[in-house]
1. Return the distance in nm (one decimal) between the two label points of a simple spin-label model at residue 308 and residue 191, each offset 7 Å from Cα along Cα→Cβ.
2. Please turn the phi angles of the stretch 194-210 into ³J(HN,Hα) values with the Karplus equation 6.51 cos²θ - 1.76 cosθ + 1.60 (θ = phi - 60°), one per residue in order, whole Hz, x for glycine and proline.
3. From the square roots a ≥ b ≥ c of the eigenvalues of the alpha-carbon gyration tensor of the chain, which class results: rounded (a/c under 1.5), prolate (a/b over b/c), or oblate?
4. For the stretch 176-185, what does the Karplus curve 6.51 cos²θ - 1.76 cosθ + 1.60, with θ = phi - 60°, yield as ³J(HN,Hα) per residue in whole Hz, taken in order and with x for Gly and Pro?
5. Arrange the peptides 262-269, 233-240, 273-280 so that the one whose residues have, on average, the most other Cβ atoms within 10 Å appears first.
6. In whole Hz and in residue order, list the ³J(HN,Hα) couplings for the stretch 28-33 that follow from phi through the Karplus curve 6.51 cos²θ - 1.76 cosθ + 1.60, θ = phi - 60°; x for Gly and Pro.
7. Could you size up the charge dipole of the chain around its Cα centre, putting +1 on the beta carbon of Lys and Arg and -1 on that of Asp and Glu, and report it in debye to the nearest 20?
8. Lys/Arg Cβ at +1, Asp/Glu Cβ at -1, dipole of the stretch 269-381 taken about the Cα centre: which of 358, 314, 347 is farthest positive-ward?
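Please treat every number below as a calculation from the coordinates, not as lab data. Computed from a predicted model, the values in this text were never measured in an experiment. Glycine gets a Cβ as well: all are built from the backbone with ideal geometry, and neighbour counts include every protein chain shown.
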Amino acid sequence: MSLASDIDVVVIGGGIVGLSTARALSHDGRGVLVIDEGRNAGTNANAGSLHVQMQSRFLRMYPDQIGNLEYSLPLYPRAVATWQQLARDLNADFELKISGGLMVAEDAAQFAFLKEKAERERALGLDVHMLERNELMAIAPYLGEEIYGAELCVTEGKLNPLLANSALRRAVLAQGVMIATETVVSALEQRDAGYSVSTFHGEVRCKTLVLAAGAGTGALSAHLGVTIPTVAEPLHMNVTEATSPLILHLVQHAERMITLKQLGAGQVVIGGGWPARFEGPKDFPTVEPDSLIGNLSLAQHVVPRLSRLRLIRTWAGVNTTCDGQCVLGTLPGHSNAFVAVPGDAGYTLGPLVGDMTAAIIAGRDPGFDVRPFSASRFARA
Ligand SMILES: Cc1cc2nc3c(=O)[nH]c(=O)nc-3n(C[C@H](O)[C@H](O)[C@H](O)COP(=O)(O)OP(=O)(O)OC[C@H]3O[C@@H](n4cnc5c(N)ncnc54)[C@H](O)[C@@H]3O)c2cc1C
């Protein structure tokens, strides 16, 4: 395959952020080529939860990042609204449902932790409520006997990422965006007024460059002299066979790593950040048997009726972690190279981050003070 040698904008990364950025740039009249080393973008590995409330997993694992998480919190309800707008714009049914998210507690101490979290979140504008067990059972009778209460976040929800990604990809292609898959970007160089992008299929030159390569962004930005400490985090997922409607909400736990939701076709998707591992010379994410068992055992504990279902598929995917905040804006020292890495729950943020990136490139207001998201914070660090 040969690549077009001169193009207006090259977006590296065809995940949710890269495709969303390409869509918005193309609406602005820019000619766009998306390059991705995979056949399908990394985003296909995710669970399709639309997160709004702070995930206790992050609060417990990275207490030093709580300030960053709180600063970014107002982005999450907007990100959900952007997904709703995207479904309307694409006229696509990707099973998007904003049916609320429950974070469950198993004892008074966990409930108190959630209550304090809810107060902080409410102060930052989130629509969250605490539910005692009797109130909780009235809306979520599928939860187990051990569940003491929960925090309800009204604007959380879920979608089917396989359907959403294909709808977005179709729309982007129909707009005239070019997508080069199975094409690794091996080097980047600033040349004349633009950039030279070296791939295994040849060189492409562009005026504007967008790094939306998830965990691969750090290695790419290093070619341009900028440090962005993106880290690849391999994570585990399970999905059960289909059953009749059982779980309405997105379900999480105050202290333990679990997310649960039911797809439109009836399968229950179970994840929550259990580790997978990298294996082989190319570091493919590989399932960790302990995670499979641990994740499913916990799921059955939270929703006992899951024990009657068979597991039909399990997989591992690569998440990106950085410092709990988006990395957005121009690359320091470059006026025509931009970075677009979402903060935590990056699939939720994806379409919004794409729109914000296109706005920044066009010189429009992205609608949020993105200065703390600048990659220059790593240079300072
Ligand atoms: C198992 C799992 C479950 C998850 N569940 C959820 C969830 O339910 N809700 C949620 O909000 N988030 C979830 N996430 C997180 C979410 O998937 C990511 O934050 C999101 O996919 C990030 O999107 P992205 O477009 O920035 O990056 P990615 O989707 O990772 O895309 C980056 C792309 O860049 C390409 N690339 C990298 N380097 C190069 C290079 N040198 N040359 C060419 N291409 C390159 C990669 O091939 C990749 O396709 C989950 C993650 C995992 C792993």
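1. Reported label-point gap for residue 308 and residue 191 is 6.4 nm.
2. Using θ = phi - 60°, the values come out as x, 9, 9, 10, 8, 10, 5, 9, x, 9, 10, 10, 9, 7, 10, 10, 10 Hz.
3. Numbers: a/c = 1.89, a/b = 1.67, b/c = 1.14.
Judged from the Cα gyration tensor, the chain comes out prolate (a/c at least 1.5, a/b above b/c).
4. x, 5, 9, 10, 9, 9, 6, 10, 7, 8
5. Working: 262-269: 18.5, 233-240: 21.5, 273-280: 16.0.
Highest to lowest by the protection proxy: 233-240, 262-269, 273-280.
6. 3J(HN,Hα) across the stretch 28-33, in whole Hz: 6, x, 8, x, 10, 10.
7. 480 debye
8. Going by the Cα projections, it comes out as 314.
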